[in-house]
Amino acid sequence: MTAVLWLRRDLRRRDHPALLAAREAAGDGDLVVAFVLDPRLWDGGGPVRRAWLAATLRALDESLDGGLTLLHGDPRSVVPALAKRVSASSVHVSRETTPAGVRRDEAVRDVLGDGVEWVETGTPYAVGPGIVTNGSGDPYKVFTPFARAWREHGWPEPAPTPRSLEVRHARNDADATAALDAALSAPDLPELPPAGEEAALRRFRAFRDDALGDYAGDRDLPAVDATSRMSPYLKLGVVHPRTLLAEVADRRGSGADTFRDELAWREFYADVLWHNPRSAWEDLRPALSGMRYDEPEDAIEAWKAGRTGYPVVDAGMRQLLAEGWMHNRVRMITASFLTKDLHVWWPVGARHFLDRLCDGDVASNNHGWQWVAGTGTDASPYFRVFNPVTQGEKFDPSGEYVRRWVPELRHLEGKAAHQPWNHEDGYAHGYPERIVDHAAERQEALDRLAATKR
DNA sequence: TTTTGAGTTGTTCGA
DNA sequence: GTCGAACAACTCAAA
């Protein structure tokens, strides 16, 4: 028997139920492990996404001793063709849960030939979307009760790691390998995290042993390297959240609890998307669908480039461009600025983030944006408009984060970096003036909200 | 069914 | 500078 394992958001060897299922199905026969580069997704994303995926695939291929089969094209034709070419009797996958992924998988399954079994094992989540429900069997719409029920539901232990893995390589598609090469040599790429499962686990264990204890407080400080940085790996399934939960299973205290909560957020948003597929790009709460928005092109460009004149906003946007990653606290501040200070509809920002973040995930990213915009689950109160100066001074009290990413402000010491307008030489090195007046735009945001409700 | 308490992450103002 | 109160109304979860 030959079994095909078609990888998508599960680019790892450890803790991989679908991999074990495929190997079991193959028995004494061959196991083919394949990744299909779908040009529609590949070309739709930005260079950072492509480079991170390419680097991750390279690392995975290496860990399989060059056994990864790389294909190119529409999975609806490529996967059945592969199954036929290697005479597979089954195609194994981890169950996909996003709207587009579910549609794609249904379509592929429908065109698999007779005699080729389609087998879904596991999901990218500790508890799969749709599983955690309240007493009435309905999904949760508020995080806190979801997280409580999620913890009580519990999750399985990690799946055993195959000690040896023999993989039959089935000829790469030259278009796919060329695309990877091109992605990795694209100009102006940010410095991406080290790719691969081993690097991810090394990083996580260092985080667990050095930073987990202070995580609850320090995770909000963008100048401090206090977060796990697991998001790029979780995005592609280089590590499974179940693995991370097991790695900290014996850890007590607020740091460990807060970290588990962050994973719960990821699972919560996947669950929300599962139950509300349209919320990926549409307002989840119809109450605010009549909100009036602006499309200020120049201001949006200034926001994207990190030239709004608000230091912490600009630092964050520049970190995004430079690293393909942004600290979570700053994601909120920059998102608030676009939606509340520039009055731009949240999908504009969500799209920009998704294309440039190497951890860009539709469920977490877009629902995070909806939360800030007030259109999502558990909408923030109308009065919660982030003040970019207050936020900067509170969470980057030393000004270090701003100075790291905004060279024009490096001559300002301490907190002064957050208010160049209060210093004679504040604009001496070309830092832009504020493009809007925050106090006025805050009031405008509140007025628009009030008008929408009437 | 009704009721009650609570809801990630905030800001401002005045004492 | 620090602190507590006020800032709407609504939806959700659970008793």
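Computed values, structure above
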read-out: Charge dipole (debye, nearest 20) of the stretch A:238-368; +1 at Cβ of Lys and Arg, -1 at Cβ of Asp and Glu; value: 200 debye
read-out: Amide hydrogen neighbours beyond the local backbone of residue A:118, cut-off 5 Å, H modeled; value: A:91
read-out: Chain A: C-alpha pair distances exceeding 31 Å, %; value: 45 percent
read-out: Computed [θ] at 222 nm, deg cm²/dmol, chain A (DSSP H ≥ 4; -39,500 (n - 2.57); rounded to nearest 500); value: -14000 deg cm²/dmol
read-out: Length gained when the stretch residue A:168-residue A:43 is fully extended (0.36 nm per residue, less Cα-Cα span); value: 42.1 nm
read-out: Sorted by Cβ neighbour density within 10 Å, fewest at the top, the residues A:191, A:120; value: A:191, A:120
read-out: Degrees, to the nearest 10: A:346-356 long Cα axis against longest axis of chain A; value: 60 degrees
read-out: Percentage, to the nearest whole number, of Cα pairs in the stretch A:89-217 over 27 Å apart; value: 50 percent
read-out: Partner lysines for residue A:394 [C-alpha distance under 21 Å; skip if fewer than 8 residues away on the same chain]; value: A:340, A:415
read-out: For the stretch A:173-259, convex hull volume per residue from C-alpha positions, Å³; value: 108 Å³
read-out: On Cα atoms only, tilt of A:75-85 relative to the major axis of chain A in degrees; value: 30 degrees
read-out: Cut-off under 5 Å, modelled amide H: who pairs with residue A:294 long-range; value: A:344, A:345
read-out: About the Cα centre, charge dipole magnitude for the stretch A:62-123 (Lys/Arg +1, Asp/Glu -1 at Cβ), debye; value: 160 debye
read-out: Equivalent ellipsoid dimensions for the stretch A:387-454 as semi-axes, Å, which come from the Cα gyration tensor, largest first; value: 29, 14, 9
read-out: Rounded tilt (10° steps) of A:47-63 against the dominant C-alpha axis of chain A; value: 40 degrees
read-out: The stretch A:338-454, dipole about Cα centre (Lys/Arg Cβ +1, Asp/Glu Cβ -1), debye to the nearest 20; value: 400 debye
read-out: Expected-Rg normalisation [2.2 N^0.38 Å, Cα atoms] applied to the stretch A:303-431; value: 1.04
read-out: J(HN,Hα) series, the stretch A:129-138, from Karplus relation 6.51 cos²θ - 1.76 cosθ + 1.60, nearest Hz, glycine and proline x; value: x, x, 8, 7, 9, 7, x, 8, x, 9
read-out: J(HN,Hα) series, the stretch A:278-286, from Karplus relation 6.51 cos²θ - 1.76 cosθ + 1.60, nearest Hz, glycine and proline x; value: 6, 6, 4, 10, 10, 4, 6, 9, x
read-out: Placed amide H near residue A:358: partners under 5 Å, 5+ positions off or other chain; value: A:325
read-out: Positive dipole terminus of chain A, leading residue within A:227, A:29, A:39 (C-beta point charges); value: A:29
read-out: Computed Kirkwood radius, in angstrom, where 1/r is averaged over Cα pairs of the stretch A:217-365; value: 16.8 Å
read-out: From phi via Karplus (6.51, -1.76, 1.60), per-residue ³J(HN,Hα) for the stretch A:225-236 in Hz, x at Gly/Pro; value: 7, 10, 9, 6, 6, 7, 4, x, 6, 4, 3, 9
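Here, each number is a calculation from the coordinates, and none is a lab measurement. Keep in mind that this is a model prediction, so the values were computed, not measured. Don't worry about glycine lacking a Cβ; one is built from the backbone with ideal geometry, like all the others, and counts go over all protein chains shown.
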